[in-house]
Amino acid sequence: MQPISNGEPDTNDRSQSQSIFILVVVVLLYVVNYMDRTIISVTLPLIKEDLGFTDTQLGWLGTIYLIMTAVLAVPVAILVDRWSRKKALSLMAMVWSVGTLLTGLGKSFPALMHARGWVGIGEAGYAAGGMAYISGTFRERARARVNGIFVMGAPVGLIMGALVGGYIAKANLWGLGWRAPYYIFAVPGVILGILILFTKDYSTESKSGYSFSREIFSDIRFVCRFKTFWFLTIGFSFCSFSNTSVMQFLPLYFTRSRGWDVTQASTMFGIIFVFAALGSLLAGIIADKWREKHIGGRPLTAGTLTAIGTVSVSIAFVADHSGFFVIGYCCILITAVLAFAVLSPIGSTIMDLSPLKSRSMSLAIYLFIGHMLASPGATVVGWLSDRLGTPGNPNLAAAFSLVPICYFMAAICFFLGARSFGTDYGKATAK
């Protein structure tokens with residue numbers, strides 16, 4: 001494969017054990033990242049009971065997080081690419097851990113909004129920075145595969161956050177109720193944030209004669225000139241709009257539709273992501289294999305999986321509403337697997353179009369646009385739930401009708417990205 005811009009990093013100066021150590025630490029931090037963002041979902045029923053929030057307010061707790069991650073994605077990517085990857089990732093872990101602790105201390109809507117905002121600030125850019133770090137550690141032929149392992153950290157974190165967090169909250173440890181898991185979950189992020197400082201970073205070259213700001217805008221212009229980038233980014237925003245809304249409210253939906261308590265709802269929520277973790281890894285392998293046979297194989301993988309997800313999520317909520325809870329739950333599970341599976345091939349495609357020194361920046365722009373467009377998702381679904389229901393009886397089932405529409409639009413975008421990728425990749429790799 002012809003190198004992009006300033007080429008691939010020289011991985012010969014790092015032993016295999018060092019590369020694996022980097023992968024393990026970065027993935028574990030991603031697991032903790034998702035534990036800290038997921039616990040809010042499984043504790044929503046208890047927070048609503050304790051503090052009396054509306055569904056719209058509960059939705060805002062998800063929206064403020066997404067807004068902060070989007071707004072700071074590009075500045076954090078600059079920090080990662082131009083300062084130090086390992087130091088930047090360490091700093092992020094410390095900040096989101098403080099935000100998690102503050103969430104447990106919150107006693108009002110403004111306090112929780114402030115705390116979840118800090119979690120968003122800390123986690124802004126981690127996905128891009130972490131993926132860029134491990135992408136520079138391993139060679140191109142294994143890129144989607146190791147990125148699949150990295151992305152697998154998200155559903156694993158969801159599982160841990162849901163199962164462990166739900167159990168701790170229900171157990172009322174030390175009489176703290178729903179606050180206890182936030183205090184406990186703040187600890188591993190600090191430990192791993194220190195540990196990542198002992199990893200060996202790779203170096204990249206900057207073009208001599210360029211000012212700092214000129215390089216940044218040059219990087220932005222480079223990736224934004226490709227149609228593939230825009231198709232994938234808009235498709236990701238549709239997926240993210242749906243995914244964040246469902247993740248925010250699904251445990252609460254289970255408690256209302258099935259009468260489950262928090263432990264039951266969080267357990268069934270967590271089981272979904274056991275399978276989603278496997279889907280992330282398998283999608284990376286499938287995308288790499290398809291890429292060998294078709295230049296647009298990675299975005300084609302994402303489009304195909306999202307199209308199947310459109311069908312499965314449509315069946316899920318219709319079956320659930322009709323009382324076929326087992327069928328509904330199984331289709332929700334399938335949809336979750338597919339939703340996480342698309343992330344690896346899309347991220348790998350964005351990096352295929354990006355210069356090595358600017359991969360964090362490219363992914364950050366993609367995440368910034370995608371998350372900003374998706375950020376109203378949880379609030380919109382919460383607002384619809386309040387409006388479509390009756391006073392004191394919100395209707396999340398009706399609000400979830402937006403989800404299959406968004407998946408359908410995402411699938412179209414991914415297929416369009418697959419069509420344009422060949423031409424764009426030729427331009428990206430041209431000397």
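Only the coordinates and a few stated rules stand behind these numbers; no lab work does. Here the structure is a predicted model, which means the values were calculated and not measured. Note: ideal-geometry Cβ built from the backbone for every residue, glycine included; neighbour counts use all protein chains shown.
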Exercise. Which net charge results when you count Lys and Arg as +1 and Asp and Glu as -1 among the other residues whose beta-carbon is under 11 Å from that of residue 99?
Worked result: 0
Exercise. When all alpha-carbon pairs of the chain are counted, what percent fall beyond 41 Å?
Worked result: 12
Exercise. Relative contact order, percent, of segment 214-334 when contacts are C-alpha pairs under 8 Å separated by at least 6 residues?
Worked result: 14
Exercise. Label points 7 Å out from Cα along the Cβ direction at residue 327 and residue 221: separation in nm?
Worked result: 5.6
Exercise. Cβ under 13 Å from residue 162's Cβ, residue 162 left aside: what net charge do those residues give with Lys, Arg +1 and Asp, Glu -1?
Worked result: +1
For this session: Please give, to one decimal in nm, the separation of the simple spin-label points placed at residue 191 and residue 172, each 7 Å out from Cα toward the Cβ.
Result: 2.9
Seminar exercise, completed: A convex hull over the alpha carbons of segment 23-113 yields, per residue, a volume in Å³ of 94
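Could you give the dipole magnitude of segment 272-431 about its Cα centre, charging the beta-carbon of Lys and Arg +1 and that of Asp and Glu -1, in debye to the nearest 20?
580
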Problem set entry | Sites matching trypsin sites (Lys or Arg not before Pro) across segment 55-143 that sit in DSSP coil, with at most 11 neighbouring C-beta atoms within 10 Å | 107
For this session: For the chain, with a Gaussian network of springs between Cα atoms less than 10 Å apart, report the residue from 130, 177, 417 with the top mean-square fluctuation.
Result: 177
For this session: Let me know the volume per residue of the alpha-carbon convex hull for segment 374-420, in Å³.
Result: 57
Problem set entry | the chain - charge dipole about Cα centre, Lys and Arg +1 at Cβ, Asp and Glu -1, debye rounded to 20 | 720
For this session: Assuming a ≥ b ≥ c are the square roots of the Cα gyration tensor eigenvalues, decide whether segment 256-385 counts as rounded (a/c under 1.5), prolate (otherwise, with a/b larger than b/c) or oblate.
Result: prolate
Problem set entry | segment 314-386: radius of gyration over Cα atoms, expressed as a fraction of 2.2 N^0.38 Å | 1.54
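Is there a pair in 227/293; 289/427; 227/289; 86/107; 107/170 whose C-alpha atoms are over 30 Å apart, and which pairs would that be?
86/107, as the Cα separations exceed 30 Å there.
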Seminar exercise, completed: In order over segment 402-410: 3J(HN,Hα) from phi, Karplus 6.51/-1.76/1.60, θ = phi - 60°, whole Hz, x for each Gly or Pro, gives 5, 4, x, 4, 5, 4, 4, 5, 4
Seminar exercise, completed: When the charge dipole of the chain is computed with +1 on Lys and Arg Cβ and -1 on Asp and Glu Cβ about the Cα centre, the Cα farthest towards its positive end, among 159, 238, 38, belongs to 238
